[in-house]
1. Would you please name the residue that is farthest from the chain's Cα centre (by Cα), looking only at residues in the stretch 56-73 that are outside any helix (DSSP H, G or I) and farther than 12 Å from Leu7 by Cα?
2. Which residues, counting only those in the stretch 1-33, are part of a loop (DSSP other than H, G, I, E, B), closer than 15 Å to Leu67 by Cβ and of a type in the set (A, V, I, L, M)?
Amino acid sequence: MNETPVLFARNEIEAETAAGALRANRLHPRVVRDDMDAMLGIAGRLSVGHFAVLVPEGEARAARAVLRPPKRRAP
């Protein structure tokens, strides 16, 4: 199965929050480290560094729609 990135997050919390939104929409995300040289999480703490949220290629369009910021209303 080929996966494609739909979000590059600055931290693990941002990545997991996005993945949760995708799961709530019945999509199948996977969070991976985007930088191999950053510190690793220790003793169950959050890892420091960049993360990517991946989804199967067939779900990429739907995933991007879920993660897209809402449109602003006209004043």
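Each reported figure results from applying straightforward, stated rules to the coordinates on display, with no laboratory input. Computed from a predicted structure; not experimentally measured. No Cβ is skipped: glycine too gets one built from the backbone with ideal geometry, and neighbour counts run over all protein chains shown.
1. My answer is Arg73.
2. If the condition is that a residue be part of a loop (DSSP other than H, G, I, E, B), closer than 15 Å to Leu67 by Cβ and of a type in the set (A, V, I, L, M), then Leu27 is the only one that fits.
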